[in-house]
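We did not get these values from a lab; they are worked out from the coordinates using the rules stated. Since the model is a prediction, treat every value here as computed from it, not as a measurement. Note: ideal-geometry Cβ built from the backbone for every residue, glycine included; neighbour counts use all protein chains shown.
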Amino acid sequence: MQHKLFRFHAVTAMWHSFWSESFLAIFIATFILVVPASAAMRFQERSLFIANNEPGATSSYTVAFRYMSPVVVGSVDLLFCVDPIPHHECVTPPGLNASNAVLSEQTGETGYSILSKSTNHIVLTRAPSMIQSSGSSYKFDNIVNPTDTSQSFSIRLRSHITTNATGEQTDFGSVKGQVSSGVQIATQVPPMLIFCVAEEVSENCTSTNDNNYKDMGELSERSTLLAQSQMAVGTNASGGFAITANGTPMSAGMNVIDSPTLPTESIQGTNQFGLNLVANDAPIVGSNPEGEWANAIPSPDYALANRYKYVSGDVVAYSPNVSLMKKFTVSYIVNSSKDLKAGVYSTTITYIVSGRF
């Protein structure tokens, strides 16, 4: 009988020990799993984007994070400090000023407005609502950057059930940033002005026939002497270009073949030296400008077909802005009267182009 009682006691002691340990294990496990659900949790996927990173610049700040606690939230506290650790003293980053901050954008958990703001503190508020969207971002405009480039700064974050960031926090965390003077990279397009003159030139001035002389033949009151030259020009000057024609009319010693000062038709039997920059059929000479740039044109007095003029220093072609490569053909006419004194009549016309940079 004693032996049986002993065995029974031994068995019950074993079960007693088993249930006590099991209960203890379950209790501990339950304790471990339940307590964190009611404690503050760290925000995840935290980030800070500063639109303009220059020290002292006024910029926008976008703070993003993922809420972790599935609870009601009525406010978010943002505290700007040098140190990110929540329980350490908060030293305001030198130069930072968030007192004029504006909440310009919000995504995810929305409905917030700024309840209060100061140099280094912003409180967002809303009607307390259950967290529905975990990933959220908040953009603040008009924040003045810190001026100290030697150290980073932080924004300490807390969420609260209350609407004024008081009471126990639900989630917390920090984001860090640092201002720095950017590396400046600059370049420029060099001023460009391309110009060539000859009897014949290519539109892009890559070649000419290298001839700058023309024998027009023998003067006669019954004929009009003709000649042509060409010039091409291009510039990236914002004000375009201007080409002037310079030189005296045709002369032999003291004898001069006059040039009309207004566009005039060719008249045989008169002393007349003139030019224009378009195609003519009375007489047949010249060509219209060639090239895609429609803003490069002959000056009005030199753009009339069958009308000729020459005044030294006149602008004969121009563009009001950028014009890359245009070719002009200059037509020359010479008429003479029957009483023109004998001699070899000649002139040199010099074309000068100026870029209006």
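The table that follows gives values for the structure above.
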| read-out | value |
| --- | --- |
| Sum of -39500 (n - 2.57) over DSSP H runs of 4+, divided by residues of the chain (222 nm, nearest 500) | -3500 deg cm²/dmol |
| Placed amide H near residue 340: partners under 5 Å, 5+ positions off or other chain | none |
| Residues 109, 292, sorted so that the one with the fewest Cβ neighbours within 10 Å comes first | 292, 109 |
| Part-to-part distance (alpha-carbon centres) for the stretch 153-173 and the stretch 192-225, which is given in Å | 84 |
| Space enclosed by the convex hull of the alpha-carbon atoms of the chain, per residue, Å³ | 290 |
| Reachable aspartates and glutamates, given that their alpha-carbon falls under 19 Å from the alpha-carbon of residue 214 and they are not under 8 places away in the same chain | 199, 200 |
| Cα gyration tensor of the stretch 177-243 - equivalent ellipsoid semi-axes, whole Å, descending | 51, 12, 6 |
| Separation between Cα centres of the stretch 319-339 and the stretch 71-131, rounded to whole Å | 72 |
| Relative contact order of the chain, defined on C-alpha pairs under 8 angstrom at six or more residues apart (%) | 15 |
| 4 °C / 1.567 mPa s Stokes-Einstein diffusion coefficient of the stretch 297-357, Kirkwood radius on C-alpha pairs, µm²/s | 89 |
| Length-normalised contact order of the stretch 193-355 in % [C-alpha pairs under 8 Å, at least 6 apart] | 34 |
| Residues 275, 262, 103, sorted so that the one with the fewest Cβ neighbours within 10 Å comes first | 262, 103, 275 |
| Note, ³J(HN,Hα) from phi for the stretch 251-256, Karplus 6.51, -1.76, 1.60, rounded to Hz, x at Gly and Pro | 8, 9, x, 8, 8, 10 |
| Candidates 254, 231, 216, ranked by Gaussian network fluctuation over the chain, Cα under 10 Å, top entry | 254 |
| Solvent-free Debye scattering, log10 I(q)/I(0), computed from the Cα coordinates of the stretch 41-177 at q = 0.10, 0.17, 0.18 Å⁻¹ | -0.28, -0.85, -0.95 |
| Sequence-distant residues sharing a close amide H with residue 324 (under 5 Å, placed H) | 235 |
| Packing-based exposure ordering (other Cβ within 10 Å, fewest first) of 150, 238 | 150, 238 |
| Note, ³J(HN,Hα) from phi for the stretch 179-184, Karplus 6.51, -1.76, 1.60, rounded to Hz, x at Gly and Pro | 8, 7, 6, x, 7, 8 |
| Coarse-grained scattering of the stretch 199-306 at q = 0.13, 0.21 Å⁻¹, given as base-10 log I(q)/I(0) from a Debye sum over alpha-carbon atoms | -0.59, -1.40 |
| Whole-Hz ³J(HN,Hα) from phi, Karplus 6.51 cos²θ - 1.76 cosθ + 1.60, for the stretch 215-228, glycine and proline x | 8, 7, x, 9, 5, 7, 5, 9, 9, 10, 7, 10, 7, 9 |
| Under 5 Å, built H, 5+ apart or other chain: amide partners of residue 42 | 172 |
